[in-house]
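Readers should treat all values here as calculations from the given coordinates under stated rules, not as data from a laboratory. Bear in mind the structure is a predicted one, so any value in this text is a computation, not a measurement. Note that we place each Cβ from the backbone using ideal geometry, even for glycine, and neighbour counts take in every protein chain shown.
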Amino acid sequence: MNPVQSPQNRTSQRLLRKRSAINAIAMTLSCAAALFGLVFLGWILWTTISKGLVGIDWALFTQSTPPPQESGGLANAFFGSAIMCGLAILMGAPLGIAAGTWLSEYAGARRIGMVVRFVNDILLSAPSIVLGLFVYTLVVAQMGTGFSAIAGAISLAFIVIPVIVRTTDEMLRLVPAQMREAALSLGVPQWKVIVQVLYRGASAGIVTGILLALARISGETAPLLFTSFGNQYWSTDLASPMASVPVVMNQFTASPYESWHTLAWAGALVLTFFVLVLSLLARAILSRNKVRHD
Amino acid sequence: MTSIAVTHTRLVTQARRDASADRKFRTLVVLAAFIVLVSLIGVAFSMLWGGREVLSEQGLGFFFSTEWNPVENRYGALVPIFGTLVTSVIALMIAVPVSFGIAVYLTEVAPVWLRTPVGSAIELLAGIPSIIYGMWGLFVLVPMMTAYVTPWLNDHLGALPFIGELFQGPPIGIGLLTAGFVLSIMVIPFISSVMREVFLTVPVRLKESAYALGATRWEVVWNIVLPYTRSAVIGGVFLGLGRALGETMAVAYVVGNTVRFSASLLEPGTTIAALIANDFAEATDSYRSALLLLGFVLFVVTFFILAIARLMLLRLSRREGVR
């Protein structure tokens, strides 16, 4: 009522102004942080597209990696990557699904289950180069055959396993307990309940896990450097070195040749496109499935 | 009568077959889980085994020596360990505040319709293969560092007392600072997605009580959301640290790959992972042994960091469970 402000009133006014200013600054910084992330996403994608598009042509998919200064493609590397990633999924997915099943259906909240879950989480974030060293000492050094495609596939499988274990475990636990109880009460043996009821209920989630694992390993370079090594030529021999897209990109980027750089960026564009499509696909499957269950 | 007996025996054999199939299935999945458990131990042990040669020759001196001389078979882990820690610390110094900002933006600031697309876009950053970060760093970031950032740092921060030495160096663009910066962009999606998830677990009741008392948005975030989720936020930061420590290809291109100690962040250096990636395939036997031992060091360090991260994250979810 009184137009004359008391000292307390003025202090509180000042305090309010200060708090609002701090709030405004913080909110602006928060927007700036989001912008920071988006700018770098856009920048990296733009670099890949602008530098990679030049190298995209038919020869990229039909010819093998060329010697310096000559034209060629990455056909052998695409083939090698497909073979090794395919093998890694074939080895890793059944193992991962089985281990995830144990975690969700047999271990539950028991201590040993917690331990395995913990170990799996650590493997999930463990440096991939360390897994490469592991497979090197386990396979390459022991077998005496030297670098081989199969060693590369095994090192990728070790990356696949924890991803699939985790998604399988989580997805199976999302299946309502009534489904298990209903099936068990009909006298269906537990393995059949799991395979025919639970896997069907969680199938979208499990497929998502496999897609995410594939997206993750298709760009993996570090573990392949000293397991599958590289190969300049087209090779179908699993016991000998095999080319792969990331390793070829690594070799070409480190070279001084312009033609190799172009090929490396073309490979980068194809790889990024593939990985982003896979992760978007995984997301789409998951969200569509969620809608249907609600 | 007979038909009942026949049915009965058929039921019994059926039950027996089911039971044995159940047992087999159970053995199968237990075995798979066992492989997961064993592989972690196998990873650690295989590298220690591979590094036994250098470990027995040089003993614990390996961990405290700065000399790295493959020609004379003298190996010291201190320089790559130093490089790994420095690049990761730089990465966290940039990534933690930015990730916090992103998480706040996605949970409190952005209009609701914008949250999902922006959140997914940030998460796409995590999907880009690390080698592409490396190529981008080498061909785009390094020239920019050379042309603008390094001279600016030299002029403005290089003259300061105490910290000036960190920012003096040749304008070559590659070095620990560039590597740390690329790493920070790579770990932002991991840290921010953990923070975002845990911020969403804060009970709306708590936040609205604070708003009702007249708190500003920032005060709610700082005084309500952050204390409530503190342990999980620290867990997320450690998760990012674990990623940064072991990141290989992105660092290998921009760190310079020089095994030499220098006080400046602008000088080339190396990290454990980059050193292994560059030299392992062509290394001699004893050099390989040294690199395997380095790999063991990296694994042990990341193991503990990730273990702390998981325990911190578990704390919050356990509290959630109790409620």
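Considering only alpha-carbon pairs that sit under 8 angstrom and 6 or more positions apart, the relative contact order computed for chain B is 26 percent. Of the complete DSSP H runs in chain B, those spanning 27 angstrom or more by Cα along the long axis with a mean Kyte-Doolittle score not below 0.0 are B:2-50, B:78-104, B:176-199, B:285-322. Here A:LYS192 is the anchor, and the aspartates and glutamates within straight C-alpha reach of less than 18 Å, apart from those fewer than 8 places off in the same chain, are A:GLU105, A:ASP169, A:GLU181, B:ASP18, B:ASP22.
Note on B:131-144: average number of Cβ atoms from other chains within 10 Å of each residue's Cβ is 6. Dipole orientation for the protein assembly as shown: of the candidates A:ALA82, A:LEU263, B:SER65, A:ALA82 has the Cα lying most toward the positive pole (charges on Cβ; Lys, Arg +1; Asp, Glu -1).
Mean residue ellipticity at 222 nm from the helices of chain A, using -39,500 (n - 2.57) per DSSP H segment of n ≥ 4 over the full residue count, to the nearest 500 deg cm²/dmol?
Numbers: 11 runs with 201 residues, N = 294.
Computed mean residue ellipticity for chain A: -23000 deg cm²/dmol.
Which FRET efficiency, nearest 0.05, do B:ASN223 and B:SER120 yield, Cβ-Cβ r, R0 35 Å?
On the way: r = 30 Å, r/R0 = 0.85.
The formula returns an efficiency of 0.75 here.
Counts of other chain beta carbons within 10 angstrom of each beta carbon in peptide A:40-50 average 5. If one puts a single equal scatterer on every Cα of the protein assembly as shown and applies the Debye formula without solvent, what log₁₀ I(q)/I(0) results at q = 0.06 Å⁻¹? Treating every Cα as an identical point scatterer, log10 I(q)/I(0) equals -0.37. Of the peptides A:266-274, B:111-119, the ranking by mean beta-carbon count within 10 Å, highest at the top, reads A:266-274, B:111-119. Set against the 2.2 N^0.38 Å expectation for a compact globular protein, the stretch A:67-209 has a Cα radius of gyration ratio of 1.32.
Between the residues B:GLY164, B:LEU40, B:THR27, the greatest Cα displacement towards the positive end of the dipole of chain B, with unit charges on the Cβ of Lys, Arg, Asp and Glu, is found for B:THR27. The GluC sites (Glu not before Pro) found in the stretch B:11-90 that occupy coil by DSSP, while having at most 14 further C-beta atoms within 10 Å, are B:GLU67.
The calculated FRET efficiency for the pair B:ASP18 and A:ARG111, based on their C-beta separation and a Förster distance of 35 Å, comes to about 0.75. Using +1 on the beta carbon of Lys and Arg, -1 on that of Asp and Glu, and nothing else charged, what's the dipole of the stretch A:32-164 about the Cα centre, debye to 20? Roughly 380 debye, rounded to the nearest 20.
By the equivalent-ellipsoid construction on the alpha carbon gyration tensor, the stretch B:228-323 comes out with semi-axes of 34, 16, 9 Å, ordered largest to smallest.
Does the stretch B:28-87 classify as rounded, prolate or oblate by the C-alpha gyration tensor (a ≥ b ≥ c root eigenvalues; a/c under 1.5 gives rounded; else a/b over b/c gives prolate, otherwise oblate)? Mind showing how you got there, number by number?
Numbers: a/c = 4.06, a/b = 2.16, b/c = 1.88.
In terms of gyration-tensor shape, prolate.
Here the Karplus relation 6.51 cos²θ - 1.76 cosθ + 1.60, evaluated at θ = phi - 60°, turns the backbone of the stretch A:68-76 into coupling constants of x, 6, 10, 8, x, x, 10, 4, 5 Hz, with x for every Gly and Pro. At the listed q of 0.17, 0.18, 0.22 Å⁻¹, the Debye profile of the stretch A:121-272, built from one uniform point per Cα, gives log10 I(q)/I(0) equal to -0.97, -1.02, -1.26.
Over all distinct Cα pairs, what is the inverse of the mean 1/r for the stretch B:93-144, reported as the Kirkwood hydrodynamic radius in Å? Walk me through the intermediate numbers first.
Numbers: mean 1/r = 0.0783 Å⁻¹.
Taking every pair of different Cα atoms in the stretch B:93-144, averaging 1/r and inverting gives 12.8 Å.
Using the empirical formula 2.2 N^0.38 Å as the baseline, the Cα radius of gyration of the stretch B:130-285 reaches a ratio of 1.35.
Which whole number of Å³ per residue matches the convex hull of the alpha-carbon atoms in the stretch A:72-114? Please report the intermediate quantities before stating the final value.
Values: hull volume 2.8 nm³, N = 43.
Measuring per residue, one finds 65 Å³ for the Cα hull of the stretch A:72-114.
If only the Cβ of Lys and Arg carry +1 and only the Cβ of Asp and Glu carry -1, the dipole of the protein assembly as shown around its Cα centre is close to 2960 debye. At 222 nm, what value in deg cm²/dmol follows for chain B if DSSP H runs of at least 4 each add -39500 (n - 2.57) and the sum is divided by all its residues, to the nearest 500? It comes out at -23000 deg cm²/dmol, rounded to the nearest 500. A protection proxy built from the mean count of other Cβ atoms within 10 Å ranks the segments B:255-264, B:89-98, A:243-252, most packed first, as A:243-252, B:89-98, B:255-264. In terms of its Cα atoms, chain A spans 92, 67, 36 Å along the principal axes, sorted from long to short.
Once the piece of chain linking B:ASN73 and B:LEU157 is laid out straight, how much longer is it, given 0.36 nm per residue of separation minus the C-alpha distance between them?
That pair, B:ASN73 and B:LEU157, stretches by 26.3 nm at full extension.
Highest mean packing comes first when the peptides B:140-148, B:4-12 are listed by Cβ atoms within 10 Å, giving B:140-148, B:4-12.
Only four residue types carry charge here, +1 at the Cβ of Lys and Arg and -1 at the Cβ of Asp and Glu. Report the dipole size of the stretch B:1-48 about the Cα centre in Debye, rounded to the nearest 20. Write down the numbers at each step before the final one.
Details: 6 positive and 2 negative charges, 37 e Å.
Value, rounded to 20: 180 debye.
Per the Cα gyration tensor, chain B maps to an equivalent ellipsoid with semi-axes of 44, 35, 17 Å, ordered largest to smallest. Using every pair of separate Cα atoms, the Kirkwood estimate puts the hydrodynamic radius of the stretch A:1-75 at 18.1 angstrom.
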